[in-house]
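Every number in this text was worked out from the coordinates using simple rules, so none of it is lab data. Because the structure is predicted, anything quoted here is derived from the model rather than measured. Counting neighbours? That spans all protein chains shown, and the Cβs are built from the backbone with ideal geometry, glycine included.
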Amino acid sequence: MHPEPKKHGRFRQSALIGAAALIAGSCATPEPEITLAPTGFVPGYVGGAASDEPRASAVAFEILNSGGTAADAAVALTFTLTATHPVAAGLGGGGACLVYNGPHHTIESLDFLPRIAAAGGTVAVPGLALGLDQLHRRYGVLDWGELILEAEALARRGAPVSQAMAVATKTAELSLQSEPIMAQRFLTDNGQAIAEDGVFTQVELATVLAQIRIRGAGDFYFGQSAATFLDGAAEAGASLTQADLRAYAAVWSDTLFLDRAGSRVYVAPGAPGGGVVAGQLWAMLADDLRYVGGGEAERAHLFAEASARAYGDRGNAAANPFSVFRAQTLMSDVTLSAHTQFVGGAGAPKVAAADAGATGFVVMDGEGSVVACTLTMGRAFGIGRTARPTGVILSPNPDDVGTNAFVAPVMVIASGDTAVSMAAAAGGPAGPAAIAKVLLAASTVGLASPRLVHPGLPDQVLVETAITSGQRQGLVDRGHSVRAFPILGSVNSLGCVPQGGNRPRQCKFFSDPRTGGLAVGGRQ
């Protein structure tokens, strides 16, 4: 745990900051720029945000326009997601962030993932509120309550259903029908998922958010909100206790990093999680001339081979999970002509067609600090039950679903600080491969291009249905078994690139076209 530094106000913009690839040309074409009434707010460049949920991105941008830091905007964005995108973000869940401190050129990780209760059971100890509290204490400048007001209002008066929320709710329709409280909240009177642009309310949640706004995050862990939450959780079958809540602590730590291909990639520490998988996969291919100079069939094959090794090697405790030597060793038996099965130490992660129980976002302020986070509820809508009467959706035990294994915020800095990128991914086991695919992209279609992932075991390449016939046939011809899914992960990102001379740096923000989210930002 780091000693808590003084709060840093607005940060001087440094070299290049971003979020999902070495973005100077690695991401999808940015969405049209949106101006959110900057008159009367901070002049000039204020930063930007990208997330899966449009309203949350807009709220973050409003906070930046009001003089908030990237941390302030990230806190407001996350609280807004609890009201607008509860399928993947909630007070019952948690997450992890990478935080880039612009003026000091330092990067650290904040872990507030759901934890296992002392007595075990099926429900996790929540970490979201305390994690946001720690982020705000260290880097925020605006009033805590100001960052929660919009989320509270949306939960109380009704939040519009976004594309991502509509798709996830439709997918979870049958399970929601079996739980009356969830059905009342997220389904229509005839039991159908609320359609996009519909409205849903979470009045009970609004009351809890109001208590957190007034009394601070501690009320959810030590105060009256905690007592009410525990009673409701017990009714839902949880084994949570007051001691579990009191013992929870969000953890600051140094990041892991690896140098490769003239850049340094930073990931969150911990027994190999999604960031490590994404970073290792990037390291395997970033300067592999066979990949860099290969055609679409060769690149698809090499990505599948590297993916199998990055995922399959997660359980190898004897090896450094994040090193150039390890990357080279893992790729030593890979050939261009045929698939070579990798036998690793980790069990096979289950990859769903669309793992909607997590979401990622990135935020940058006008002076160069960046926060990239992945949030998780374990599964879509957690366990599908709430802790009455708080309205807080409960998250499953992380050991039961591998909740924490594939959380993947990543940052890449080019040598000499000439370019910096940050990205956050969601999508369960597919998330790390999605980030690596974007980081390795060499054109402006990095986010939009079809994805694939080989999870190690079973020996099968999972591809998006939009993959080209040449890529699919190249995989089959080399001995790969191929299975198609509509979506494999989502990535939100931002990046800044120098324009030369004394001209200001240009920043771009990107949301994944798969989710219908929003990337919004202003220029210097």
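Counting beta carbons within 10 Å around each of H480, H339, H105 and listing the fewest first gives the order H105, H339, H480.
From least to most packed, judged by other beta carbons within 10 angstrom and beginning with the fewest, F200, F303 follow the order F200, F303.
On the beta carbon distance between S175 and A153, with R0 = 35 Å, the FRET formula returns roughly 0.75.
Eigen-decomposition of the gyration tensor built on the alpha-carbon atoms of segment 154-268 gives equivalent ellipsoid semi-axes of 32, 26, 15 angstrom, largest listed first.
Let me make sure I get this right: for segment 108-164, a, b and c are the square roots of the gyration tensor eigenvalues over alpha carbons, sorted descending. Under 1.5 in a/c it's rounded, otherwise prolate if a/b > b/c, else oblate. Which is it? Because a/c hits 1.5 or more and a/b fails to exceed b/c, segment 108-164 counts as oblate. A Förster distance of 41 Å, applied to the separation of the beta-carbon atoms of T335 and E196, puts the FRET efficiency at 0.30. Ordered by the number of other Cβ atoms lying within 10 Å of each residue's own Cβ, fewest first, K170, K508 fall into the sequence K170, K508. Note on segment 100-200: Rg/Rh from Cα positions, Kirkwood definition for Rh, rounded to two decimals, is 1.08. Label separation (E296 vs A249): 5.2 nm, computed from points 7 Å beyond Cα along the C-beta direction.
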